[in-house]
Amino acid sequence: DIVALQNALAAITIATTEEEYMRRDTELHLCIARAGRNRFFLEEIDRLRVLLNKVFSALPESDVWHNRINREHASIVRAIADGDATAARRAMTAHVKNSDDSILALLRVG
């Protein structure tokens, strides 16, 4: 549902605490998974979010970080709303790569 995606995107951009941001981020990712109408994909995203939320909470909180993530989320939601599977795949791939790079950088520092 495009409205649910857009509402989830709006909610994450107005989160006031890191805990709320992470909860809204998880909700957005689950909403994106639901848009794919594949229960196995939805179950896997749910499982991964439970595992990754601990890692994500270790990443530094900053407006720069949130702004980048919010732009990436907006690109994904826009592509889904436009029905552009290629753009959605490209935007999600970039988002996952950027998140992966951030986690790897954190592990190198730690």
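The values are calculated or read from the model by the stated rules, or taken from the named source; none is laboratory data. Note that the coordinates shown come from a computational prediction; the quantities given were computed from them, not determined experimentally. Here the Cβ positions follow ideal geometry from the backbone for every residue, glycine too, while neighbour counts run over all protein chains shown. Note: accessible area is taken over every heavy atom of the protein model, side chains too, but ligands, DNA and RNA are not part of it. Shrake-Rupley method; radii C 1.70, N 1.55, O 1.52, S 1.80 Å.
Going through L106, L5 one at a time, which residue ends up being of a type outside the set (G, A, S) and open to solvent by less than 30 Å² (accessible area, probe 1.4 Å)?
After ruling out the rest, the residue left standing is L5.
From the set of residues in segment 73-102 that are surrounded by 14 or more Cβ atoms within 10 Å (Cβ to Cβ) and within 18 Å of L52 (Cα to Cα), which is farthest from the chain's Cα centre (by Cα)?
Per the stated criteria, the residue is S102.
For segment 26-35, indicate whether the set of residues that are free of Cβ contacts under 8 Å to residues at least 12 places away in the same chain and farther than 16 Å from S99 by Cβ is non-empty.
Taking every residue of segment 26-35 in turn, none turns out to be free of Cβ contacts under 8 Å to residues at least 12 places away in the same chain and farther than 16 Å from S99 by Cβ.
Cβ contacts < 6 Å: first residue in a helix (DSSP H, G or I), restricted to segment 7-22; second residue among the basic types (K, R) and surrounded by 14 or more Cβ atoms within 10 Å (Cβ to Cβ), any location; separation 6+ or different chain. Result?
A11/R24; I12/R24
Check off (1) part of a helix (DSSP H, G or I); (2) open to solvent by less than 50 Å² (accessible area, probe 1.4 Å); (3) within 20 Å of E20 (Cα to Cα) for N67 and give me the number that stays unchecked.
Failing condition for N67: (2).
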